[in-house]
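To keep things clear, I will list the structure first and then write my remarks on it.
The values are calculated or read from the model by the stated rules, or taken from the named source; none is laboratory data. Keep in mind that this is a model prediction, so the values were computed, not measured. Neighbour counts run over all protein chains shown; Cβ positions are idealised from the backbone, glycine included. These accessible areas exclude ligands, DNA and RNA; they are computed on the full protein's heavy atoms, side chains included. Shrake-Rupley method; radii C 1.70, N 1.55, O 1.52, S 1.80 Å.
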Amino acid sequence: MGLLQKFTRKSSPKQSGSGSNYAYVTARVRAMKSNLLPRETYPRLMNMGIDEITRFIGESQYKQDVDELARTYDGVDLFEHALNRNLAVTFTKLINISEGELNYLISEYLRKYDIWSIKTILRGKYCDASVEEINDSIVSAGQLSYPFLSSLSEKESYESIIDALSGTDYYPTLKGYDGTNLSEIENQLDKMYYTGLSTTVDNPKSNDSKLFSKFIRTEIDIKNLSTLFRLKNAGAEKDEIADLILEGGLHLNIKEIEKLLPLPFSEFVQSLEKYPYWEDISGIVKTEMDSLVELETQLTKSNIKSASSFSHVYPLSIVPIMDYVLNKTNEVHNLRIILRGKAADLDEEIIRNQLVI
Amino acid sequence: MVDAAAAVVYMDPAGLKAIGAGLAVGLTGLASGIAERDIGSAAIGAMAENESLFGKGLILTVIPETIVIFGLVVALLIS
């Protein structure tokens, strides 16, 4: 009976939202996902030298990006840029091929990259980086196009950049920037992103917005958890942490987090036992932790894992697409870690710990 | 009432059969169309990324075509 219900829920066209082309996008995204590097590749890459890795990436799906950028860059930089470019092209493609509500949800999610680019430009201006340097670091995977973003980085001062963004949602936050409080504005932008996402799916009507909302709220939980772990471990004050907490988590809402805030690290760790994330992190968390790398890797891993398993439960929905976005970001992240790690002659063990496989 | 009864008497059975056959083909045609819509667009989506899926996509797309074939068979049986 439950199976039947699940089936009718899935196949009913009503849940697909108005005018969204789920069948097309999910099938295409699944085909794109099959092009991602399989899990077994990473140990193989770890055994390769830089030259072999670069050749491997040059022959993979990143070939076109590598070829096009090969004139301007070389070495590890070339691959870093090729990876970023590929990410931008792939995510822009997702926005371009989707329609209706689906398009709206994907664009809202990918705003992350708009914010990243705005932050990059402001940071670049803050430390007097050249226009080329700033343009190199922009990832135009969101709604703002590369020409627009590079026109921003060509502007002389941060005031004119903020003026140019006056039509966007970021303007009210950016107005507070006075040339010195960059980190504060960056935090506000990030907070704005998550508040924006939560309001997008505040009263989810369609089944899809509900799934999306669950996905976003899990992500907020995971962000909050890693913020809590980092700051608690560093012995930060309660108020300091409270400023950085995002609202709207799924299992850890703001009230529960307020209860966790005053606890010392060891008690904080114990009180996490009642949350579902404990299952994933119980093996790693100790009352005294020197490095949080393993924990954060584990949290990301559990996020990706839950997205993958959900994508099988709801095949015609936003979940497979979000799953792909996570996996793709992760792949680019992993490749970058391997390349940069190898280039910096890091110990293999250190690189391996950083990878999310 | 009398007129209606008279109309029933004069209704040609061959005409009714033709209507039945028409409905059988027409409605099943619509049904296959609706079923093929999503499968077809999914197949195109998959093919856009990986051309080797053309064969599989084509086969899956035409599977709901059986509905209209049944309709056609029924129509032929009726008429």
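Results for (1) crowded, with 18+ Cβ neighbours inside 10 Å; (2) touching a His at 6+ places or on another chain (Cβ under 8 Å); (3) among the acidic types (Asp, Glu); (4) over 30 Å from A:Leu197 (Cα atoms), shown as yes or no for each residue.
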site: A:Glu52; (1), (2), (3), (4): no, no, yes, yes
site: A:Leu69; (1), (2), (3), (4): yes, yes, no, yes
site: A:Gly100; (1), (2), (3), (4): no, no, no, no
site: A:Thr120; (1), (2), (3), (4): yes, no, no, no
site: A:Asn135; (1), (2), (3), (4): yes, no, no, no
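What's the total number of residues in the stretch A:71-86 that are crowded, with 17+ Cβ neighbours inside 10 Å and either assigned to a loop (DSSP other than H, G, I, E, B) or charged (D, E, K, R) (or both)?
Looking only at that region, the number is 2.
Go through (1) open to solvent by less than 20 Å² (accessible area, probe 1.4 Å); (2) touching a Lys or Arg at 6+ places or on another chain (Cβ under 8 Å); (3) of a type outside the set (Phe, Trp, Tyr); (4) farther than 29 Å from A:Phe212 by Cβ and name the single condition A:Thr90 misses.
Just one mismatch for A:Thr90, condition (4).
Only one of these conditions is not met by A:Asn35: (1) away from chain B (no Cβ under 14 Å); (2) at pLDDT 80 or above. Which number is it?
Exception for A:Asn35: condition (1).
Could you check A:Arg30 against (1) within 10 Å of chain B (Cβ to nearest Cβ); (2) open to solvent by less than 70 Å² (accessible area, probe 1.4 Å) and say which number it fails?
Condition (2) is where A:Arg30 drops out.
Considering only helices (runs of 4 or more DSSP H) fully contained in the stretch A:142-185, which possess at least 3 residues that are under 20 Å from A:Ile95 (Cβ atoms) and open to solvent by less than 20 Å² (accessible area, probe 1.4 Å)?
Details: elements: A:146-153, A:158-164, A:171-174.
Fully inside the stretch A:142-185 and qualifying: A:146-153.
Report, ordered by the first and then the second residue, all pairs with beta carbons closer than 6 Å, sequence separation of six or more or different chains, a first member in the stretch B:23-44 that is away from chain A (no Cβ under 14 Å), and a second member that is among the small types (Gly, Ala, Ser).
B:Ala24/B:Gly71; B:Ala24/B:Ala75; B:Val25/B:Gly71; B:Val25/B:Ala75; B:Thr28/B:Gly71
Which residue, of B:Ile19, B:Ile44, is among the β-branched types (Val, Ile, Thr), over 14 Å from the mean Cα position of the chain (by Cα), under 24 Å from A:Ile97 (Cα atoms) and open to solvent by 90 Å² or more (accessible area, probe 1.4 Å)?
B:Ile44
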